[in-house]
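The values are calculated or read from the model by the stated rules, or taken from the named source; none is laboratory data. What you see is a predicted model, and the numbers here were worked out from it, not measured in a lab. Heads up, the Cβs are rebuilt from the backbone with ideal geometry, glycines too, and the neighbour counts pull from every protein chain shown. For the accessible areas, the whole protein counts, side chains as well, though only heavy atoms, and no ligand, DNA or RNA atoms are used. Shrake-Rupley method; radii C 1.70, N 1.55, O 1.52, S 1.80 Å.
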Amino acid sequence: MEIVILAVVIAVVVIGALSGLVVGTRRKKQVPPPPPAAPDLTAPPAEPHVGDEAETPRDETRRTIEEVDLPDGGTAPVSVEEPPVVEELEIPQVEVPEPTAGRLVRLRTRLSRSQNALGKGLLTLLSREHLDEETWEEVEDTLLTADVGVRPTQELVERLRERVKVLGTRTPAELRTLLREELITLVGPDLDREVKTEPPGGGPGIVMVVGVNGTGKTTTTGKLARVLIADGRSVVLGAADTFRAAAADQLQTWGERVGAHTVRGPEAGDPASVAFDAVKEAKEIGSDVVLIDTAGRLHTKTGLMDELGKVKRVVEKHAPLDEVLLVLDATTGQNGLIQARVFAEVVDITGIVLTKLDGTAKGGIVVAVQRELGVPVKLIGLGEGADDLAPFEPAAFVDALIGE
């Protein structure tokens, strides 16, 4: 009996526990709230199209153009922006050089400034009543002072003494004629003074210009281009002086003034390469003459002189040089002769250009340098003007020295 009662109690407890569990579970499971009502959405305003107003037009008072107050002076000025002015590049004008025929005669006045050192001095001495030994010694001194040189001076004095003795009379006209003839003989009228620019095998003539610093080499090269162009030749300039920063610019300026093309290289570049390219380009464009301006070599620097020889050898891979012109400053006298000897050992000098042969120069240097090198003076510079380079003419030169 007790067992039955115990079983009943246990069953009641179990049933009660299960009932409580079911009720608790139902309390936890709540019904989800109903979904909220959808809000009333207002559509965004449409984007304005071209021509639409940015906002809703408002009713407002509008004024006509007659009712608008204008500033004093009537209608306001309208500023119109001017178009930018494009600067035109300045094209250098090509100059027409003076013809070379008779150029030395036209420059005789400048050349005659140096006659006080030679021509007038000799005429004054030879016009003395008595020509004794002392007078002839003064004649020798005058010639030596004018840089004629010892050997040429002795030859000239001997011939003058003999002819004056034979003539017997010494009128001013006779003395002038006598002196003129002897000076022309001393200068050398039979020397070939033509600048060779027409090689027999065809192609451009190749002229190399050499000399020490300060003699006017680059300027002379530019002036020589003018001389050739005045004679109807086309010219290419080779700026092989790569050591002096302004040399290539200076040469190019000379070329642009007369329409000559300039070939140049980088600063401190290889001069031989520039010279080679200049000759090559002259051949390609069919130019008549190539003028190669080299650096101003100090004659005491063996390395620089060797490089000058290299330029000559490289150029001759194209064709032989037609001219090697040595530029000398006529005012340097005997120093110029020393320079001439050194250059003649490195390159074969074919002609001489004497610059600054005006005013303070001594005309006798023409005779001395020709005797020293055995080559003629072909060109002389008589001033700073662009056309002051003239072909050397012995008779005109002597006439300028001794005057009319």
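Of note:
- The single residue among G296, G309, G303 that is within 19 Å of A272 (Cα to Cα), open to solvent by 40 Å² or more (accessible area, probe 1.4 Å) and either in contact with a helix residue (DSSP H, G or I) (Cβ under 8 Å, 6 or more places away or on another chain) or modelled with pLDDT under 90 (or both) turns out to be G303.
- Residue within region 231-247 that is modelled with pLDDT of 90 or more, under 13 Å from the mean Cα position of the chain (by Cα) and open to solvent by 50 Å² or more (accessible area, probe 1.4 Å) present: no
- Considering residues of region 157-169 that are of a type in the set (A, V, I, L, M) and closer than 15 Å to E140 by Cα only, the residue surrounded by the most Cβ atoms within 10 Å (Cβ to Cβ): L160
- Residues within region 170-190 that are free of Cβ contacts under 8 Å to residues at least 60 places away in the same chain and open to solvent by 50 Å² or more (accessible area, probe 1.4 Å), tallied: 9
- Meets criteria (closer than 12 Å to M208 by Cβ and modelled with pLDDT of 85 or more) for T355: no
- Some residue of region 248-262 being modelled with pLDDT of 95 or more and farther than 25 Å from D329 by Cβ: no
- In region 350-374, the residue that is farthest from L191 (Cα to Cα) out of those that are open to solvent by less than 20 Å² (accessible area, probe 1.4 Å) and part of a loop (DSSP other than H, G, I, E, B) is A361.
- Every residue from region 199-214 that is touching a residue at least 40 places away in the same chain (Cβ under 8 Å) and either open to solvent by 10 Å² or more (accessible area, probe 1.4 Å) or touching a Ser or Thr at 6+ places or on another chain (Cβ under 6 Å) (or both): P199, G201, G203, P204, G205, V209, V210, V212, N213, G214
- Subset of region 380-391 [in contact with a Lys or Arg (Cβ under 9 Å, 6 or more places away or on another chain) and either assigned to a helix (DSSP H, G or I) or surrounded by 24 or more Cβ atoms within 10 Å (Cβ to Cβ) (or both)]: G381, L382, L389, A390
Residues checked against (1) on the phi < 0 side of the Ramachandran plot; (2) of a type outside the set (F, W, Y); (3) touching a Leu at 6+ places or on another chain (Cβ under 7 Å):
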{"residue": "F276", "(1), (2), (3)": "yes, no, no"}
{"residue": "K317", "(1), (2), (3)": "yes, yes, no"}
{"residue": "E323", "(1), (2), (3)": "yes, yes, no"}
{"residue": "V327", "(1), (2), (3)": "yes, yes, no"}
{"residue": "T332", "(1), (2), (3)": "yes, yes, no"}
{"residue": "V347", "(1), (2), (3)": "yes, yes, yes"}
{"residue": "I352", "(1), (2), (3)": "yes, yes, yes"}
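- Region 329-349, subset under 22 Å from T197 (Cβ atoms) and at pLDDT below 90, residue most open to solvent (accessible area, probe 1.4 Å): D348
- Condition check for G255: in a helix (DSSP H, G or I), open to solvent by less than 60 Å² (accessible area, probe 1.4 Å) and either in contact with a helix residue (DSSP H, G or I) (Cβ under 6 Å, 6 or more places away or on another chain) or without any contact (Cβ under 8 Å) to a residue 40 or more places away in the chain (or both): yes
- Any chance G149 is in contact with a Lys or Arg (Cβ under 9 Å, 6 or more places away or on another chain) and closer than 30 Å to G238 by Cβ: no
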